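Following: one structure in structure tokens, then a few remarks.
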Amino acid sequence: MPEQRLRKQVHLAAHFPGVNHHTVWTDPGSGSQIDFDSFVHLARTAERGLFDFFFLAEGLRLREHRGRIHDLDVVGRPDTFTVLNALAAVTTHLGLAGTINTTYNEPFELARQFASLDHLSGGRAAWNAVTSSDAFTGENFRRGGYLEHAKRYTRANEVVEATRALWDSWSADALLVDRERGVFARPAPEVRFSSEQFDIRGEFVLPRSPQGYPVQIQAGDSDDGREFAAAKADVIFSAHGELEDGQRFYTDVKDRLAKYGRARDDLKILPAAGFVLGDTAEEAAENARRIRRQQVSPQTAIAFLEQVWGRDLSAYDPDGPLPEIDPVDNADITRGRVRHAKDPRAVADAWRARAEAERLSIRDLIIETTARQQFVGTPREVAVAIDHYVQSDAADGFVLVPHLTPTGLDEFVERVIPELQELGSFRTEYTGPTLRDHLGLRHPQHGTEGVRAS
Ligand SMILES: Cc1cc2nc3c(=O)[nH]c(=O)nc-3n(C[C@H](O)[C@H](O)[C@H](O)COP(=O)(O)O)c2cc1C
């Protein structure tokens, strides 16, 4: 009999709604971004839905637009480790992923913080290592000087290597309690790590944690970022959520793995995805339209336009046509967020052409160009679409970004998860205690880097 290929399983993560326009805070059902109850609600909902992990993004400086703190998005986030360690106490299986910057943090401190989270959670820690894209954020850290893009990835690679050297310094069978000899712990050997940006010598302070290393996530999109992911990451959180673009990205990064001695399954690709549900396809489409107008208020539409045009457009009517004046190259008009319009003139021309052809106002156009609602439909339709993306190798699953805090995942878990289970592409129970178990990743063993589990 021919061997039957196992159906690819969908991996899901729950993104705590972020500091951006996708999060609707004007809705009466919208709750606090900071109260612990909000984190607990979303995490427990995700765990009820048997998700792989809960995900926190990071912002180290409040965003600014035209020289002032941007007041159209929700503002501020509590410290990542504090939130995740607290969530470890109120969940049992859910992975706990934190975005933590490699440009401003020290490897020893990061190794200690992630090993602590992995110990306290029983093997559920994950680290989304980001480099940050601008000098503006770094000013908070008073290092003096700006680390250019390529150097940031050199540093990111070295930070991850250094943390692994620290974690590896304790072998998995390190003696903790030897009652006969009356010895409490065998000291770890000295760690020496030298690289372009680090020279570390000392002993690591914690025994090896349940997962060995936290699950490594990566989120940058440049060539340097993709190489970093191919060399070191277990998961990529990507922005390539559309089918064909997703397939191109998926092939690109999976093709890079072989040169690092890694298999295609060693790296999971999870794009960010929004979703809107309804009892019928028409109702879902109507809900999606309403939510998009909540996400892009008239002021938000003008702020997005100003980001591309690089100038004050507050005199323009959001319900009117696009400006006839040309953009200026002013990358600093918005600070603290990734800039998508690398060539403002080309973007402005494309937007004007589209607005004219489809008779779109400024606000309509921004709604169309910034929407992140990949999955709109009945629960069955959404489940079928998610499964289709995964079976067609556009993704291994998704990081779902609800638009409401903290209840935005409730309906998905109640109505879409059972449909995915019925399709045979989603677990019906957790099969292991650690996040590596959920993701089907091997546990790194001391001294066996590069050896794959069967
Ligand atoms: C989907 C996605 C999510 C990201 N989330 C964060 C974040 O929460 N915090 C942060 O500081 N940077 C975040 N970044 C920025 C990247 O980690 C990276 O620092 C930046 O994009 C520059 O690297 P690149 O040129 O390789 O894209 C994100 C990037 C992507 C593509």
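Nothing in this text is a laboratory measurement; each read-out follows from the coordinates by a stated rule. This is a predicted model, so every value here is computed, not measured. Don't worry about glycine lacking a Cβ; one is built from the backbone with ideal geometry, like all the others, and counts go over all protein chains shown.
Which members of region 24-54 meet the condition of being closer than 25 Å to A394 by Cβ and under 16 Å from the mean Cα position of the chain (by Cα)? Result: A46, F51, D52, F53, F54. In region 218-271, what residues are of a type in the set (A, V, I, L, M), more than 10 Å from the ligand (Cβ to nearest atom) and within 16 Å of the chain's Cα centre (by Cα)? Listed by number, the residues that qualify are A233, V235, L267, I269.
Return yes or no: is D52 of a type in the set (D, E, K, R), within 20 Å of I236 (Cα to Cα) and more than 16 Å from the ligand (Cβ to nearest atom)? Steps first, please.
Details: of a type in the set (D, E, K, R): yes; within 20 Å of I236 (Cα to Cα): yes; more than 16 Å from the ligand (Cβ to nearest atom): yes.
Yes; evaluated as a whole, the condition is true for this residue.
Does A284 satisfy being of a type outside the set (S, T, N, Q) and touching a Leu at 6+ places or on another chain (Cβ under 7 Å)? Taking the combined requirement at face value, the residue satisfies it. The single condition among (1) without any contact (Cβ under 8 Å) to a residue 60 or more places away in the chain; (2) farther than 30 Å from Q9 by Cβ; (3) within 16 Å of the ligand (Cβ to nearest atom) that H70 does not satisfy is (1). Residues that are touching a Pro at 6+ places or on another chain (Cβ under 6 Å) and either buried (at least 23 other Cβ atoms within 10 Å of the Cβ) or part of a helix (DSSP H, G or I) (or both) do occur in region 418-430. Residues that are of a type in the set (G, A, S) and buried (at least 20 other Cβ atoms within 10 Å of the Cβ) were ranked within region 122-137; the one that is nearest to the ligand (Cβ to nearest atom) is S132.
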